[in-house]
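The values are calculated or read from the model by the stated rules, or taken from the named source; none is laboratory data. Just so we're clear, the structure is a prediction, and the values are computed from it rather than from any experiment. As a convention, Cβ positions derive from the backbone with ideal geometry for all residues, glycine included, and neighbour counts pool all protein chains shown. For accessibility, only protein heavy atoms count, side chains too; no ligands or nucleic acids. Shrake-Rupley method; radii C 1.70, N 1.55, O 1.52, S 1.80 Å.
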Amino acid sequence: MALFWFLCLAMAVFSGPGTISALAPENEVTLHPTTWLSENRVTPVHLPKGRARRLYFTLKKKADLLSVTVSPCAVPIEWSLAVRTLKDKPPKKAHWGSKKSMPEVWWRGSGREVRIYTYTGNAVDTYTGPAYAPASIYILRLKSNDQDTQVSAYLHEGPGPSGAFPELPSDPRVHTLGVGMTSVTLNWAPSSSIVVKDGHLPHHEYCVLVNHKHNYRSLCAAREGIRKEIQSVQKRQRRDKQSMEVVWAPLKDWWWRHPDTLEDRESSTTDKFEDPGCVCRDVESVCTVSDLLPETQYYFDVFVVDRVNGTSAAYTGTFARTHEEARPAVMSLRESQVKWVTLSEDASNLQGEQFRFKPRGWQQNGLLTLHTCNGTSKVKVTVSSKGRTLTSQEVGHQLAQIWLNGAPSYLIQLQALAPGSSSSIPKGNFGKSKFCLKIQASSAYHRRAMPVFPSTLQIKSFNKLRTCNSVTLAWMGTEERSLYCVYRRQIPLDNKHNLTDRCIDPESRPANERVLCKYFQELNPRRAVTTAVIGELESGLLYVFDVYLMRRWGLPIKYHSKTVRTRSEC
């Protein structure tokens, strides 16, 4: 007997499933747990990749219409609705000896199966049609060919809408009202499901989502996309952290011993993830999305959410590109041109002024000279070429020179700085004043080194050499042969602080104020001192004397003004 059973088992194994099916009676169905689709309740279904799932349901006697709604998640699915009719209704108590499932009882009886509807896609779809013969069982087949996914199914009997899913208007498109640099305003036709009655808010609301990739066809797909993005960031952070740890080998051994720990953790995170991060959650059909990046494309989706049933309906999303950031105009700076620049010390002019300078001819060198006209103000100078910063420095009350070298074109940016700060962000009341400076760029200066400045810009007067009609002045020169010009002007005796603006050029002063001009050169910097006797003065009067170092290609350098009073009696 044991040998007989062994031979039977061997034949069944080597013959394959086709032989087993051939031995089974006609219309035999293997006994499996049966999933029934309940009426007026959202049924979630998990679809493994490549495997079809079946849900069964029957209708009540008086039901003449039915509607089946299937809501996919992130991937397209195939679903179909079929009905199996019987000539005679099966008895409540089957005569078979073994325990059978209810669908198996229907398959055992005589009848035919008719497919009444099919659909393939990733959008929410609803079938509505008449009921078949009373003795009928409906089969809803669901299948995903791409990957594992989740779907929701809903059954409604009778006429009229089910009310489980929010309703969309006849025009379900999302419109763009306005686009700015960091914000986008949207509006859409209101849903009839959102109605405020007697001051009570409905259990429906709008949810607006924004992302950089694409529009979503359902809220489930949006939630799944956000979840995957979060998991990708977490995995990348975890990978970076593990690469820095020395205990990677023991951790890898632990993972091989517990392979399901990470998967369980991720699945638990998925179950708890419910809020997709709505930027607008309201009952009004308008939304302004703020805090966006300039010159960036965004995709916007609007969903009507039923908080009670946990369902949603998706509008047709839209996309928009924010405006580019306002950029200041770039002005051309001509060869050896002296440019007066006025900078505003407020938040509306943080980017300052920009100039473009191109050296003349084949050479790529130049000399940039800057001279601020306010004693307490500073300016930040940034020189760049083709997006690469060449130099950046602060310029105060001293005249500054910057050597330009190695580029065919230079972008010069000037930014106002708060007094006593290295930041261009205004402080306190530092927003109501303006100051000016002079700039000049020249490629005519061919020396590799910058021009030499005097060691000091102070002017000295000799009290013992002061007379009723003359004074003697001295100032430091340089080892280069340069031209020095002396100017004078009379001021009231009670106004000793009426000094000359250091940004006034010699050409802008009256001709009668110029006293003399002379050339001077001394190769020894310690002995580079020159003097001048200024005569034809009146006794007992107060004079302001100014000395200018005139340069051939650069801005003239003004020494500090010197106030001297002639003697009253000699």
Note down all Cβ pairs under 6 Å where the first residue falls in the stretch 285-297 and is on the phi < 0 side of the Ramachandran plot, the second is part of a loop (DSSP other than H, G, I, E, B) and open to solvent by less than 30 Å² (accessible area, probe 1.4 Å), and they're at least six residues apart or on different chains. 292/322; 294/322; 296/322
Of all residues in the stretch 333-364, which are over 32 Å from the mean Cα position of the chain (by Cα), open to solvent by less than 40 Å² (accessible area, probe 1.4 Å) and at pLDDT 80 or above? 333, 337, 341, 357, 359
What number of residues within the stretch 119-147 are more than 25 Å from residue 61 (Cβ to Cβ) and of a type outside the set (Ser, Thr, Tyr)? 11
Of the residues in the stretch 462-479, how many are among the small types (Gly, Ala, Ser) and crowded, with 21+ Cβ neighbours inside 10 Å? 1
So which residues in the stretch 298-329 are in contact with a Phe, Trp or Tyr (Cβ under 6 Å, 6 or more places away or on another chain) and surrounded by fewer than 12 Cβ atoms within 10 Å (Cβ to Cβ), if there are any at all? none
Go through (1) touching a Lys or Arg at 6+ places or on another chain (Cβ under 9 Å); (2) assigned to a loop (DSSP other than H, G, I, E, B); (3) of a type in the set (Ser, Thr, Tyr); (4) open to solvent by less than 60 Å² (accessible area, probe 1.4 Å) one by one and return the number of the condition residue 548 breaks. (2)
From 186, 168, residue being among the aliphatic types (A, V, I, L, M) and either free of Cβ contacts under 8 Å to residues at least 60 places away in the same chain or part of a strand (DSSP E or B) (or both): 186
Just checking, which of 464, 460 is over 60 Å from the mean Cα position of the chain (by Cα) and among the basic types (Lys, Arg)? 464
Kindly evaluate residue 144 against the criterion of being of a type in the set (Gly, Ala, Ser), out of contact with any His (no Cβ under 8 Å at 6 or more places or on another chain) and at pLDDT below 90. no
When the residues of the stretch 365-399 are filtered to those that are touching a strand residue (DSSP E or B) at 6+ places or on another chain (Cβ under 7 Å), at pLDDT below 80 and surrounded by fewer than 17 Cβ atoms within 10 Å (Cβ to Cβ), which remaining residue is nearest to residue 456 (Cα to Cα)? 397
(1) aromatic (Phe, Trp, Tyr); (2) closer than 24 Å to residue 195 by Cβ; (3) modelled with pLDDT under 90 all hold for residue 303 apart from (3)
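From the set of residues in the stretch 551-570 that are outside any strand (DSSP E or B) and open to solvent by less than 20 Å² (accessible area, probe 1.4 Å), which is modelled with the highest pLDDT?
Across the stretch 551-570, the extreme among qualifying residues is 566.
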Right, residue 389: of a type outside the set (Gly, Ala, Ser) and closer than 30 Å to residue 279 by Cβ or not? no
